[in-house]
Amino acid sequence: AQSNDNTGCEGAQASITVTVNPTPTISGTTSVCVDATTTLTGSGTAATTSPWASSDDDVATVSNLGLVTGVAAGTVTITYTDNNGCSTTETVTVNALPAAPTTSNIAYCQDETATALSATALTGHTLVWYDTDATTVLASAPTPTTTTAGNTTYYAAQSNDNTGCEGAQASITV
């Protein structure tokens, strides 16, 4: 309301509405391996333009739908903005991929008794064995067959016990 200093009269009052919007939240897994993705979800309705942003696209990128892709090992701040213009941040850790395990090729004579293949993983890592197609995961190290002469190639990778990140495969030819 306004008041006239000369007359002391006060005019009609106007109301002012103050809206305090809640700070949005981010949920989802906040760690990802290099070359892998994780989806973050923002609360409320996302801003129509660029609701998600990464502080460093060289470490991780984020799509407008919250899909985070690990690019290089490190940490990055992901920002989410809702349709009220309110924003929040979350730190995402991008974990490095372990190196391929150490392997050695092995030779057997036909019909010789073979033993399970072996490879050496780094401390804190677990070997992951793959069949000859390099995609089928085996429960344990394979024991090659020696009934037919020729070469057979198996594959092993190692997975970090803390991060779950799996590195490149190494081949073992029998």
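Hey, can you grab everything whose amide H is under 5 Å from the amide H of Thr75? Only 5+ residues off in sequence or another chain; H modelled, so Pro and N-termini drop out.
Long-range HN contacts for Thr75: Val94.
Tell me, what is the per residue accessible area of the chain in Å², probe radius 1.4 Å?
60 Å²
Place a point 7 Å from the Cα of Cys86 along the Cα-to-Cβ direction; which residues of the range 24-42 have their backbone N under 17 Å from it?
Backbone N within reach: 24-27, 41-42.
Can you tell which of Gln110, Gln13, Gln158 shows the greatest fluctuation in a Gaussian network model of the chain with Cα springs below 10 Å?
It is Gln13.
Pick the calculated Rg and Dmax of the Cα atoms in Å for this structure from [x] 29.1, 115; [y] 20.9, 74; [z] 29.8, 111?
This structure yields the entry labelled [x].
Classify the range 50-136 as rounded, prolate or oblate from the Cα gyration tensor: take a ≥ b ≥ c as the square roots of its eigenvalues, call it rounded if a/c is under 1.5, otherwise prolate when a/b beats b/c and oblate if not.
prolate
Please list, ordered by chain and number, the residues whose modelled amide H lies under 5 Å from the amide H of Val128; skip anything fewer than 5 residues away on the same chain.
Those lying under 5 Å, H to H, from Val128 are Ala157, Gln158, Ser159.
Looking only at Thr145, Thr93, Thr79, which one moves most when the chain is put into a Gaussian network model with springs between Cα atoms under 10 Å?
Checking each option, the largest mean-square fluctuation is seen for Thr145.
Every cysteine in the chain with no other Cys Cβ under 4.7 Å from its Cβ, please list them in numeric order.
Isolated Cys, the chain: Cys9, Cys86, Cys109.
In whole Hz and in residue order, list the ³J(HN,Hα) couplings for the range 72-87 that follow from phi through the Karplus curve 6.51 cos²θ - 1.76 cosθ + 1.60, θ = phi - 60°; x for Gly and Pro.
Rounded to whole hertz, the list is 8, 4, x, 10, 9, 9, 9, 10, 10, 10, 8, 6, 8, x, 8, 9.
Taking all protein chains in place and a 1.4 Å probe, what share, in percent, of the accessible surface of the range 45-174 do carbon and sulfur account for?
Carbon plus sulfur share of accessible area: 47 percent.
What residues have an amide H closer than 5 Å to that of Leu122, excluding those fewer than 5 places away on the same chain, when H is modeled at 1.01 Å from N in the peptide plane?
none
Place a point 7 Å from the Cα of Asp58 along the Cα-to-Cβ direction; which residues of the range 82-100 have their backbone N under 20 Å from it?
91-97
With an 8 Å Cα cut-off and a minimum separation of 6 or more residues, compute the relative contact order for the chain in percent.
17 percent
The values are calculated or read from the model by the stated rules, or taken from the named source; none is laboratory data. None of the values given here were measured: they were computed from a predicted structure. FYI the Cβ positions are ideal-geometry reconstructions off the backbone, even for glycines, and counts take in every protein chain you see. What goes into the accessible areas is simple: the full protein's heavy atoms, side chains included, and nothing from ligands, DNA or RNA. Shrake-Rupley method; radii C 1.70, N 1.55, O 1.52, S 1.80 Å.
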